[in-house]
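These notes are about the structure you will find just below.
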Amino acid sequence: MKSFVQERKRIVIKVGSNVLTRSDGKLDITRMSSLVDQIAWLRQNGLDVILVSSGAMAGGRGLMKAGKNLDKVEQRQLYSAIGQAKLISLYYDLFREHRIHIGQVLTMKESFSTRREYLNQRACMEVMLQSGVLPIVNENDTVSVTELMFTDNDELSGLIASMVQASTLIILSNVDGIYSGQPSSGEVIGRVEPGQNIQQYIRQEKSSFGRGGMLTKCHIASQIAEEGIEVIIANGKRNDILIQLIKNPAQTVHTTFVASQGKVSSVKKWIAHSSSFSKGVVVVNKDAAKALTGKVPASVLLVGVVSLQGDFEKGDLVTIADESGRKIAIGRSDYSSKEALPLLGEHNVKPLVHYNYLSLEN
């Protein structure tokens, strides 16, 4: 069969808990099998695929019932630990029928906090893809129990798509896309252009079995599309949805966030997704703030820095703010706070943050 894809592209597919879970909260093996068949078809037709899969908690619940003396965090750790083993085992058996090797990647938000860890994860995925192995990614819920957890796997899938420079991110949920009203009466918005505001259409409810909701999906989709990656939100419970999105996209109900044409460097993508790891705040005066937000790229110069907050080292991420406290950007400091402090207001010294390592707030 002739490929429907003219050149080999890389896509990330995120499958949510509500797609993989039955009404009783247990894993839907039939749905998993169908998705595996579709992913095998995508690979046969010229696509490299990375799968970001929820479902560990559901797998754990289906195997045993936690004791009443366990709190929510302990239950989450228990169900995730035993459920992840079941989930990856099921994927192993299902993909083996298609002679596809899989590799498990368990990660945490902290693993994206430094450039070295970020590049190590990317290198791991690259060698897997080059070797024909399908990476299956999930958050390591057994140890990710702090405020540094991902919002949900939507956020993780966005980070992965950005990291591997995917052409498309497909987020499979249990709805057809972004509705212009209530799903029972509104229509699915087929296309969201870069910069288009659709907040008025987003419902606040979270999913039944996951941690996120459509608000998170919309935020992640908009951010990733601004980086030049197409994002599709579609219904993973529809038969052959992945195949139809490739073969007949115009006839398949879904929402597409159109990719921005501007190119964003790999370093800036990492910085943009790492704001929660900022180690300090750099306060700049109004002239510096104006320069940073202008059309011409500008660095954070020490002559325009008013004060420093926090204790940071060279290479750490720092937040750039104006004197009113408004966040302007995040960037990688080329000084430690101790080195920079005596140089505040100085001319003719290297920038505190070079514009190549600076990401402006949206």
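The values are calculated or read from the model by the stated rules, or taken from the named source; none is laboratory data. Just so it is clear, the structure is predicted and the values come from calculations on it, not from any experiment. Because the Cβ atoms are built from the backbone with ideal geometry, glycine has one as well, and the counts that use them run over all protein chains shown. For the accessible areas, the whole protein counts, side chains as well, though only heavy atoms, and no ligand, DNA or RNA atoms are used. Shrake-Rupley method; radii C 1.70, N 1.55, O 1.52, S 1.80 Å.
From the list Leu292, Leu317, exactly one residue is open to solvent by less than 20 Å² (accessible area, probe 1.4 Å), closer than 22 Å to Leu119 by Cβ and of a type outside the set (S, T, N, Q). Which is it?
Leu317
Restricting to the range 341-362, give me the number of residues that are touching an Asp or Glu at 6+ places or on another chain (Cβ under 9 Å), of a type outside the set (D, E, K, R) and surrounded by fewer than 13 Cβ atoms within 10 Å (Cβ to Cβ).
Within the range 341-362, residues that are touching an Asp or Glu at 6+ places or on another chain (Cβ under 9 Å), of a type outside the set (D, E, K, R) and surrounded by fewer than 13 Cβ atoms within 10 Å (Cβ to Cβ) number 1.
Do we have Leu94 as more than 30 Å from Asp316 (Cβ to Cβ) and either out of contact with any Asp or Glu (no Cβ under 6 Å at 6 or more places or on another chain) or open to solvent by 60 Å² or more (accessible area, probe 1.4 Å) (or both) here?
It is true that Leu94 is more than 30 Å from Asp316 (Cβ to Cβ) and either out of contact with any Asp or Glu (no Cβ under 6 Å at 6 or more places or on another chain) or open to solvent by 60 Å² or more (accessible area, probe 1.4 Å) (or both).
Considering the range 46-76 alone, what residues qualify as being modelled with pLDDT of 80 or more and open to solvent by 10 Å² or more (accessible area, probe 1.4 Å)?
Gly46, Asp48, Ser54
Can you tell me which residue among Ser23, Ser17, Ser34 is within 23 Å of the chain's Cα centre (by Cα) and of a type in the set (Gly, Ala, Ser)?
Just a single option satisfies the conditions, and that option is Ser17.
Considering only the range 267-287, I want to know if a residue exists there that is surrounded by 16 or more Cβ atoms within 10 Å (Cβ to Cβ), at pLDDT 90 or above and assigned to a helix (DSSP H, G or I).
Checking the range 267-287: not a single residue is surrounded by 16 or more Cβ atoms within 10 Å (Cβ to Cβ), at pLDDT 90 or above and assigned to a helix (DSSP H, G or I).
Show the residue pairs that are 6+ apart or on different chains and have beta-carbon atoms under 8 Å apart, the first residue being within the range 94-119 and under 18 Å from Asp154 (Cβ atoms), the second being in a helix (DSSP H, G or I) and among the charged types (D, E, K, R).
Partner pairs satisfying both residue conditions: Ser111/Glu117.
Quick check: is even one residue across the range 252-266 in contact with a helix residue (DSSP H, G or I) (Cβ under 9 Å, 6 or more places away or on another chain), hydrophobic (A, V, I, L, M, F, W, C) and over 18 Å from Glu193 (Cβ atoms)?
No, that holds for no residue.
Considering each of Glu126, Glu74, Glu117, Glu139 in turn, give the residue that is farther than 22 Å from Ala166 by Cα and of a type in the set (Asp, Glu).
Exactly one residue qualifies, and that residue is Glu74.
Hey, could you check the range 320-340 for residues that are closer than 25 Å to Val264 by Cα and in a loop (DSSP other than H, G, I, E, B) and say which is most open to solvent (accessible area, probe 1.4 Å)?
Arg326
Take the residues of the range 241-252 that are in contact (Cβ under 8 Å) with a residue 24 or more places away in the chain and closer than 21 Å to Ser157 by Cβ: which is surrounded by the most Cβ atoms within 10 Å (Cβ to Cβ)?
Result: Leu242.
Kindly provide the set of residues from the range 190-223 that are surrounded by 18 or more Cβ atoms within 10 Å (Cβ to Cβ), modelled with pLDDT of 85 or more and not in a helix (DSSP H, G or I), ordered by number.
Result: Val192, single match.
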